[in-house]
Structure formats: C-alpha cells, structure tokens
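Here is the structure we will look at.
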Amino acid sequence: MDDARHAFSLTPLHEVVRTWQLRVAAAPDVDAFMDSGQDDSDFVDLDDVLGGRP
C-alpha cells in the first residue's frame, strides 16, 4: 500500500477539480453578461480567461 501511495499521483484529479471550481465561480459573471443582451458573437475561450491546463 505504501508503494502505491508513492507511485500514484492525484495531480490530474486536482487539476480537473480546480478547473471546475473556476468555471463554477465564473458562472454568475457569465449569466450576468448573457442577461445584459450584449453581443456575444465575438467570444473569448474560457480556457483563455481561466488559464489553460498545463
């Protein structure tokens, strides 16, 4: 069991959780923008805003 603990990395899982936490945190801002009626045809990729995964 101890060998498995040293050989297995939870880093990929932590990256996924972090990405979704950022997306959930940004949701109210996205909703406010969509409700404002502004033109969204010239969009920005969410990964560009939140920072892409390494």
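The values are calculated or read from the model by the stated rules, or taken from the named source; none is laboratory data. Just so it is clear, the structure is predicted and the values come from calculations on it, not from any experiment. No Cβ is skipped: glycine too gets one built from the backbone with ideal geometry, and neighbour counts run over all protein chains shown. Ligands, DNA and RNA are excluded from the accessible area calculation, which covers all protein heavy atoms including side chains. Shrake-Rupley method; radii C 1.70, N 1.55, O 1.52, S 1.80 Å.
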*Could you sort 19, 11 by accessible area so the largest value comes first, with the probe set to 1.4 Å?*
11, 19
*asked:* Among (i) 28, 12, 6; (ii) 36, 11, 5; (iii) 29, 25, 9, only one was calculated for this model; which label is it, if the read-out is semi-axes √(5λ) of the Cα gyration tensor in Å?
replied: (ii)
*Carbon and sulfur together cover what percent of the accessible area of the chain at a 1.4 Å probe radius?*
58
*Please list 21-32, 36-47 highest first by mean number of surrounding beta-carbon atoms within 10 Å per residue.*
21-32, 36-47
*Expressed as an acute angle from 0 to 90° and rounded to the nearest 10, what is the orientation of the C-alpha long axis of helix 11-35 relative to the principal long axis of the chain?*
10
